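Reviewing the structure listed below.
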Amino acid sequence: MSKQELLFFFSAFLFCSGLLIAVTKKNAIVVLMGIELMLNAANLNLALFNFQKRGMDGQLLALFIIIVAVCEAAVGIAIILKSYHFYHSSVLDQISDLKEKN
Amino acid sequence: MTTAANSYILWLTLAVLGLPLMASLSCFSIKQKVGWLAPLLSSILLLIASILASILFFQIGSEYEVSFSWVWFNLNQKEIALSILLDSKASIMMLIVTIVSFLVHVYSIGYMAEDYHQARYFGMLAFFTFAMIGLVMGSNLLIIFIFWELVGVSSYRLIAHDQEKETAIKAATKAFLLNKIGDIGFLIGLIILWSWSGTLEVADPNLISIPPFWLATAGVCMFIGVISKSAQFPLFNWLPDAMEGPTPVSALIHAATMVAAGAYLLVRIAILFTEDVLILIAITGAITTLAGAVGALFQFDIKKILAYSTISQLGLIVMAMGGGAVQGGYFHLLHHAFFKAGLFLGAGAIIHALHQVNQQSNMDVQDIRNMGGLRKKLPITFISFMICAAALSGIPFTSGYVSKEFILTQMTMWAGNEFSWRWIVMSCTWAVTFLTPIYTFRLVWFIFYRKPQHEHNIEEVPIIMRIPLIVLAVGSLAMLSSLSPFHISSVINVLQQSYPSTNTIISFVSIALILISSAAAFYIYKNQDAKNQKLVTPQYYLDAVSNYFSLLTLKLSEATRWFDKRIDFLIHGISYFQITVAHITGWADRYLVDGVVDGIAYSAKGVGAVTRSLANGKIQSYLLWAMAGLVIFIVWILY
């Protein structure tokens, strides 16, 4: 197994663990952390693919994603803060207003 | 005639028609508490009607013919009109009907004084008169038919006036049913005439411009109507039975309304009858007149004798109309109205007087064997009865003599000198002229002259019953309708337009015949002991025939009932089958059709529930499903 392949598996591992965290964890901030993990897995993938192809496209795109992730994290944390004020909780199971009222 | 005179006559006519109807309606609406008003009211209205009818008669006279007509309804572009045709014959008939009806009303005040249902009785009496007047003045055969039926219905109600008497109800039913046979004939005749000619106006010449066969058929059908209504052979048995009704009703039925309707119709639609039909009419009349006369000879019930004599006289009239003596027959019909009403009212007076005395004993007060020697006790009744009886037997100086001689002369001339079947009919006329005095004499002898059978303190009937008797007796004298110092000229004009040149021989022969038969009757009945005589009821096996027919009808109805049951069985089977099928389809509907619909709805509901459960408001599950969708998408892209 080459070093690159190993890194691909690592990226997959990162994505899966991020997804697992995002899906299973109770606290919204930890879910946000899971999402960051998944984004990092994507970034790693982009950087790895850039090796196979001459140029800087993948790495630049990874940089953009890092910036977007920063913005997303900022916005996400702001939303969590706001909803914490509203619901007095950051546990996602208790925040289910998206569901139809019945 | 001018329009003004026309409308004057129209109002008179409608008044004569409307007054009896008004009397009838007011009698029916009167309360039982003031029931005594009904006789007075209807008598007064009938008096006004008869006065108006006499004015009308003198207005119409012998020359004029007035007709009024209003469109009633249109049928297939042909109109049925409410039409009135007043000629001299109609107007004199109206006069006779109203006068006789008025007298019967007055008489009934006394006769029915103890009856509880007076209002009903007088109402029906007035309605009877109304129906007859409508029949007389009507010119459309449909109108005549309607009034014809009304006459039948009211006679039914009147015969069955004593509703406690079972015989009365049976007699009324018999009269009604036998009349229905004639009504069917009348109706078929109407249908034939309407379908061929498209008109029902008796004065319309189109009426008879139809194929001769159908004209003859229609004539025969109409004559069947006349047979039942005027009690001709073979449908006359209802008339003696109808004696169960109150006596004044019998007087009205026999004189002016019921039986006269048939004979009047013969005159009204005389144009319809072809030669062949006239032969049938003459022969039917001849049989009837002999059967009636012989029947009268063997009766002991005073009313039944008179009933059979009516049959005989009506047979004579019908025979005369079928033969060459239409005027004579009509003349006799009018005279007959007077003297027969007089005879019946006289008989009613005798019955009434005897009944007053014999209320306790159960003696049959109508049986002439129980009478006798009433001459001295009921003088007024005796005189009026004698005059009417003389008119019935045709003794000179009475009205019956004039018209009977008229008929005899015309019939003899009609028969001609050569021997033919006409001679047989003519000889019937003479035979009846011979027989009538015999049974009349027998009747009078038994009632008035014979030794009294029982000792009674009989009193003369009340004055209100005597007046009609006197009026009718005076009317039965010849002086009003034949040339005499007191005659009414327009009556003569109407009736004797074609008075035959008097044949002196015929007059002498008929007078001689009448006198001989009277003498013969005197010798026969002078010493006869009536007590041993058996009561013979000559029904001429007609009742047996009708019984047979009713038996046949019963059998037929049983057969149809059996057949009906089979049909019912079939129908039941079909309905059971249908119910089973309905149950099956109901089941299928509930479980299959509805099941499919319910199943779809249920599955949609399930799918909805499943999909709804995805949107549970938990952001993480949304994420999970989004990821799952992405995985599916990628797998789909890659492979």
- Would you please name the residue that is surrounded by the fewest Cβ atoms within 10 Å (Cβ to Cβ), looking only at residues in region A:1-36 that are of a type in the set (Ser, Thr, Tyr) and either at pLDDT below 90 or closer than 19 Å to B:Tyr622 by Cβ (or both)? A:Ser2
- Looking at B:Ala544, B:Ala604, which one is modelled with pLDDT of 90 or more and either over 30 Å from B:Asp241 (Cα atoms) or of a type in the set (Gly, Ala, Ser) (or both)? B:Ala604
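Kindly establish whether A:Val23 is within 19 Å of the chain's Cα centre (by Cα) and away from chain B (no Cβ under 14 Å). Give the derivation first.
Details: within 19 Å of the chain's Cα centre (by Cα): yes; away from chain B (no Cβ under 14 Å): no.
For A:Val23, the condition - within 19 Å of the chain's Cα centre (by Cα) and away from chain B (no Cβ under 14 Å) - is not met.
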- Message: What's the number of the only condition in (1) more than 23 Å from the chain's Cα centre (by Cα); (2) within 24 Å of B:Ile351 (Cβ to Cβ) that B:Gln77 fails to meet?
- Response: (2)
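Any residue at all in region B:590-606 that is exposed (fewer than 10 other Cβ atoms within 10 Å of the Cβ) and β-branched (Val, Ile, Thr)? Explain how you work it out, then say what you get.
So in region B:590-606, the residues exposed (fewer than 10 other Cβ atoms within 10 Å of the Cβ) come out as none.
Among the residues of region B:590-606, not one is exposed (fewer than 10 other Cβ atoms within 10 Å of the Cβ) and β-branched (Val, Ile, Thr), which makes the answer no.
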- Message: Quick check on this structure: which one of B:Gly342, B:Gly373, B:Gly346 is closer than 21 Å to B:Glu460 by Cβ and in contact with a Lys or Arg (Cβ under 8 Å, 6 or more places away or on another chain)?
- Response: B:Gly373
- Only listed residue being over 29 Å from B:Tyr116 (Cβ atoms) and either touching a strand residue (DSSP E or B) at 6+ places or on another chain (Cβ under 7 Å) or part of a helix (DSSP H, G or I) (or both), chosen from B:Ile169, B:Ile133, B:Ile210, B:Ile181: B:Ile181
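Looking for whichever is within 26 Å of A:Ser17 (Cα to Cα) and either among the acidic types (Asp, Glu) or within 12 Å of another protein chain (Cβ to nearest Cβ) (or both) here; the options are B:Ile619, B:Ile632, B:Ile637. Which one fits?
Criteria check complete, one pass: B:Ile619.
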- Message: Tell me whether region B:195-202 contains one or more residues that are under 14 Å from the mean Cα position of the chain (by Cα) and free of Cβ contacts under 8 Å to residues at least 60 places away in the same chain.
- Response: no
- Filter result (within 14 Å of another protein chain (Cβ to nearest Cβ) and of a type outside the set (Ser, Thr, Tyr)) within region B:593-616: B:Gly608, B:Ala609, B:Arg612, B:Leu614, B:Ala615, B:Asn616
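What are the residues in region B:136-149 that are in a helix (DSSP H, G or I) and in contact with a strand residue (DSSP E or B) (Cβ under 7 Å, 6 or more places away or on another chain), if any? Break it down into steps so the answer makes sense when it comes.
Residues of region B:136-149 that are in a helix (DSSP H, G or I), as a first pass: B:136-137, B:141-149.
Once the filter is applied, which keeps residues that are in a helix (DSSP H, G or I) and in contact with a strand residue (DSSP E or B) (Cβ under 7 Å, 6 or more places away or on another chain), region B:136-149 yields B:Met137, B:Leu142, B:Ile143, B:Ile144, B:Phe147.
Could you grab me the full set of residues in region B:43-65 that are among the aliphatic types (A, V, I, L, M) and over 26 Å from the mean Cα position of the chain (by Cα)?
First pass over region B:43-65, keeping only residues among the aliphatic types (A, V, I, L, M): B:44-49, B:51-53, B:55-56, B:60.
Listed by number, the residues that qualify are B:Ile55, B:Ile60.
Quick one: is A:Ser17 under 20 Å from the mean Cα position of the chain (by Cα), within 14 Å of chain B (Cβ to nearest Cβ), of a type in the set (Ser, Thr, Tyr) and more than 26 Å from B:Ala615 (Cβ to Cβ)? Spell out how you get there, then give the answer.
Details: under 20 Å from the mean Cα position of the chain (by Cα): yes; within 14 Å of chain B (Cβ to nearest Cβ): yes; of a type in the set (Ser, Thr, Tyr): yes; more than 26 Å from B:Ala615 (Cβ to Cβ): yes.
Yes: the conditions hold for A:Ser17.
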- Query: What is the residue count in region B:40-65 for residues that are farther than 28 Å from B:Val104 by Cβ and either buried (at least 18 other Cβ atoms within 10 Å of the Cβ) or among the basic types (Lys, Arg) (or both)?
  - Reply: 0
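If a residue has to be of a type in the set (A, V, I, L, M), crowded, with 16+ Cβ neighbours inside 10 Å and assigned to a helix (DSSP H, G or I) to count, how many in region B:188-204 make the cut? Give the derivation first.
Here is the first cut: in region B:188-204, the ones of a type in the set (A, V, I, L, M) are B:188, B:190-193, B:200, B:202-203.
Restricting the remaining residues to those that are crowded, with 16+ Cβ neighbours inside 10 Å gives B:188, B:190, B:192-193, B:200, B:202-203.
If we keep only those that are assigned to a helix (DSSP H, G or I) too, we end up with B:188, B:190, B:192-193.
So the answer is 4.
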- Identify, please: which residue in region B:213-238 is among the aromatic types (Phe, Trp, Tyr) and modelled with pLDDT under 85 and is, among those, farthest from B:Leu193 (Cα to Cα)? B:Trp238
- Note on the structure: The lone condition A:Tyr84 fails out of (1) over 22 Å from B:Ala626 (Cα atoms); (2) touching a helix residue (DSSP H, G or I) at 6+ places or on another chain (Cβ under 7 Å) is (2)
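The values are calculated or read from the model by the stated rules, or taken from the named source; none is laboratory data. Worth saying up front: this structure is predicted, and the values here are computed from it rather than measured. Don't worry about glycine lacking a Cβ; one is built from the backbone with ideal geometry, like all the others, and counts go over all protein chains shown.
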